[in-house]
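Everything below concerns the one structure shown next.
Bear in mind that the values in this text are calculations on the coordinates, not laboratory data. For clarity, every value in this text was computed on a predicted model and none was experimentally measured. Cβ atoms come from the backbone with ideal geometry, glycine included; neighbour counts cover every protein chain shown.
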Amino acid sequence: MKRSTPSRRPGAEPPLWSIAAAAGVIILTPMLLYSLAPEGPIREGDTVFSSGAHKVSLFEPDRYRQVGYEATCMLDPKDPLIVTHSPSEDESGEVIIAQVQGKSTIEWPFCPPQAELLVKRHHITQQPSILQDIRDGMLRLFKPS
């Protein structure tokens with residue numbers, strides 16, 4: 001007897017590219033929506049991030065004079081900060097008092113760990129830029145050494 005082998009029909013197996021595309025959309029959509037969402041009001045206790053390298057004033061500069069700081073320090077890009085006092089208006093604009101997080105050693109001229117800083121609204125952002133981080137990562141990955 002002749003045994004018949006089942007014929008393979010085109011399209012009988014699920015196409016892997018469509019499954020991968022669906023998984024990509026499911027994973028990337030929340031990140032995209034989060035990065036495009038508008039920022040809300042800054043409140044006490046919120047975590048904010050430095051928007052770049054900025055020279056900022058220390059809230060209590062006398063505490064840090066012995067380790068070499070005058071009245072200012074450098075804030076690294078993307079440094080996390082916790083807002084300790086609600087924004088207040090002064091003569092030069094909106095000033096926020098925030099505490100440096102994520103550092104454990106003093107590296108002059110960068111802001112010391114747990115230091116309270118006087119930052120302006122344009123120095124910080126409430127959301128890290130996910131799209132910018134992805135772009136920077138891709139550039140580093142494909143950058144010729």
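Once a ≥ b ≥ c are taken as the square roots of the eigenvalues of the Cα gyration tensor of segment 19-97, is the result rounded (a/c under 1.5), prolate (a/b larger than b/c) or oblate (a/b not larger than b/c)?
Prolate, because a/c is 1.5 or more and a/b exceeds b/c.
Using a 7 Å offset from the Cα along the Cα-to-Cβ direction at both residue 16 and residue 32, what is the distance between the two label points in nm, to one decimal?
Reported label-point gap for residue 16 and residue 32 is 2.4 nm.
Dipole of segment 47-129, Cα-centred, from +1 at each Lys and Arg C-beta and -1 at each Asp and Glu C-beta, to the nearest 20 debye?
In total the dipole reaches around 260 debye.
Arrange the peptides 33-43, 107-117, 60-70 so that the one whose residues have, on average, the most other Cβ atoms within 10 Å appears first.
Packing order, densest peptide first, comes out as 107-117, 60-70, 33-43.
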